[in-house]
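The values are calculated or read from the model by the stated rules, or taken from the named source; none is laboratory data. Small disclaimer: the values here were computed from a predicted structure and weren't measured. Neighbour counts run over all protein chains shown; Cβ positions are idealised from the backbone, glycine included.
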Amino acid sequence: MVHYANLIACTDVAINRASSVTLDAVAMDVPTINIAFDLISERGAERVSFDWSTSIFGFTHYEFIPKSGGVRLANSPEELISHINTYLDNPKLDSEGRKKIVAEHCGPQDGKCGERIGKFILDFLRER
């Protein structure tokens, strides 16, 4: 985990489809871009495609993220490049939105998550 945390902390811009990496990055106030365009690949004669615009970004567990103003959605390769350059020029852009995501989805950022989980498990076991 230390290596992963260091990787995220040293990242200038986090880019991913729409995964928990987004939460990890915004928790460290790293500018984050979600790829929202279709990556089409050829596998033999079969064309593989997935419509991201109507999938993950509309799921109840993720729909808040793009609406928060804390991440940018890239709807095309050109927009991805534009967002990368924008964040490299101004890494604090959308920082307030990232803080909003952390407040809504990540819980206290006090380094005591493991302690809270342990307490919850022990309390649960004692009640049985």
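Does any residue of region 10-19 turn out to be out of contact with any Pro (no Cβ under 9 Å at 6 or more places or on another chain) and modelled with pLDDT under 90? Yes, there is a match, as at least one residue in region 10-19 is out of contact with any Pro (no Cβ under 9 Å at 6 or more places or on another chain) and modelled with pLDDT under 90.
Applying a threshold of 6 Å to beta carbon distances and a minimum spacing of six or more residues, or different chains, the list of pairs starting in region 9-20 at a residue that is hydrophobic (A, V, I, L, M, F, W, C) and ending at one that is assigned to a strand (DSSP E or B) reads A14/T32; I15/I33; A18/N34. Restricting attention to region 21-38, the residues being touching a residue at least 24 places away in the same chain (Cβ under 8 Å), under 10 Å from the mean Cα position of the chain (by Cα) and surrounded by fewer than 20 Cβ atoms within 10 Å (Cβ to Cβ) number 2.
Residue-level check: of (1) in contact (Cβ under 8 Å) with a residue 12 or more places away in the chain; (2) farther than 30 Å from A36 by Cα, I121 misses just (1). The number of residues in region 72-109 being in contact with a Ser or Thr (Cβ under 6 Å, 6 or more places away or on another chain) and among the hydrophobic types (A, V, I, L, M, F, W, C) comes to 1.
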